[in-house]
1. With everything on Cα atoms, drop me the angle between helix 86-100 and the longest principal axis of the chain, reported from 0 to 90° to the nearest 10.
2. Arrange 170, 351 by Cβ neighbour counts within 10 Å, fewest through most, would you?
3. What do you get for the angle between helix 105-136 and the principal long axis of the chain? Use alpha-carbon atoms, 0 to 90 degrees, nearest ten.
4. Summing -39500 (n - 2.57) over the DSSP H runs of n ≥ 4 in the chain and dividing by its residue number, what mean residue ellipticity at 222 nm do you reach, to the nearest 500 deg cm²/dmol?
5. Evaluate E = 1/(1 + (r/R0)^6) for residue 356 and residue 39, where r is the Cβ-Cβ distance and R0 equals 25 Å; express this FRET efficiency to the nearest 0.05.
6. For the residues 183, 225, 334, what sequence is obtained by ranking on other C-beta atoms within 10 Å, fewest first?
7. Can you pull the one-decimal nm distance between simple spin-label points at residue 372 and residue 183, each 7 Å off the Cα toward Cβ?
8. When the Kirkwood hydrodynamic radius is evaluated over all pairs of different C-alpha atoms of the chain, what value in angstrom, to one decimal, is obtained?
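Nothing in this text is a laboratory measurement; each read-out follows from the coordinates by a stated rule. It should be emphasised that the depicted structure is a prediction, and the values quoted were computed from it without experimental measurement. Virtual Cβ from ideal backbone geometry, glycine too; neighbours counted across all protein chains shown.
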Ligand SMILES: O=S(=O)(c1ccc(O)cc1O)N1Cc2ccccc2C1
């Protein structure tokens with residue numbers, strides 16, 4: 001890791017903090033988060049000079065830097081631990097703001113823009129810290145992982161783990177849970193394999209990708225929770241057997257796509273945007289009642305954060321819903337590792353303009369033109 005990478009990323013997002021609407025910046029939880037970042041930046045700056053030494057101190061630095069490296073790694077671990085509740089704290093700050101002030105579309109747009117970049121910045125900082133502590137922290141290397149990156153991440157296995165754990169939660173709370181059918185299609189050998197039940201081991205070559213298993217798990221666990229809840233609640237009054245979830249994994253030449261389909265009744269287009277909106281996901285209006293009773297409560301940020309994990313390595317997470325029937329959730333990953341570099345927020349004029357310009361009001365309007373709705377007399 002370039003020695004200045006971490007302080008640069010911390011400093012970038014701290015500068016952006018200062019552009020936030022005062023109504024959010026002044027919230028107690030946000031003030032506390034800002035304090036954590038200042039503290040952590042100061043911790044890192046203590047190591048600033050270690051890398052800039054002239055020749056004659058080099059020998060001294062060698063012994064010192066080994067000792068220093070330990071202190072540097074310890075400092076990173078302390079920073080990672082200090083920031084472990086930042087997502088919850090900022091969500092609390094959003095909640096405090098909604099209770100204390102009226103929020104207009106402009107503030108909502110700024111909060112959405114900021115939190116996407118703030119959480120992406122945080123994912124990248126935690127990634128750097130984990131890489132450093134795993135590579136230099138002395139812990140034994142888990143079977144040729146590079147830090148937290150698995151060069152042969154077995155997608156089906158992570159799907160099975162996420163399904164099993166989400167299903168356990170679902171059974172505990174609803175005393176029922178849908179089955180899962182897994183299909184996978186490999187562009188290279190043009191065959192589609194169907195695994196009826198997840199524990200059945202297919203004898204075909206596993207679909208693997210260079211990825212961070214914990215990121216993939218986080219996304220899948222979130223999607224399984226949503227789909228299981230949807231299927232159980234949509235069908236419980238119908239006392240039918242629950243329709244199974246279906247997953248298809250397709251390894252293409254550029255994309256590795258995972259599509260999870262449920263028959264959970266879906267969601268209307270007008271509500272869909274709320275699922276990724278930090279302001280709605282932290283509020284308690286009926287709209288989020290959909291997704292915030294136990295055991296899925298407290299996962300209000302689950303979808304926006306999962307989408308950030310997907311986008312961090314230039315992938316994406318997309319929902320398409322058929323209201324009244326069910327929802328497809330698609331995770332797109334880069335099939336080629338060289339394409340999967342980090343996607344980082346950049347602090348520049350464009351970003352500053354985002355906070356300073358007021359968002360244009362709607363420049364489309366819906367006209368009811370009665371002439372269009374005059375039915376021709378029916379001939380039937
Ligand atoms: O909005 S959803 O279509 C939905 C959203 C995301 C997802 O991953 C899967 C989904 O199915 N859906 C979530 C949910 C919860 C309780 C009752 C009904 C529903 C409908």
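1. Approximately 60 degrees, to the nearest 10.
2. 351, 170
3. Taking the Cα atoms of the chain, the angle to 105-136 is about 50 degrees.
4. Calculated from helices alone, the mean residue ellipticity at 222 nm is -15500 deg cm²/dmol.
5. 0.30
6. In increasing order of surrounding Cβ atoms, one gets 183, 334, 225.
7. Between residue 372 and residue 183, the simple spin-label model gives 3.7 nm.
8. Hydrodynamic radius (Kirkwood, Cα only) of the chain equals 23.6 Å.
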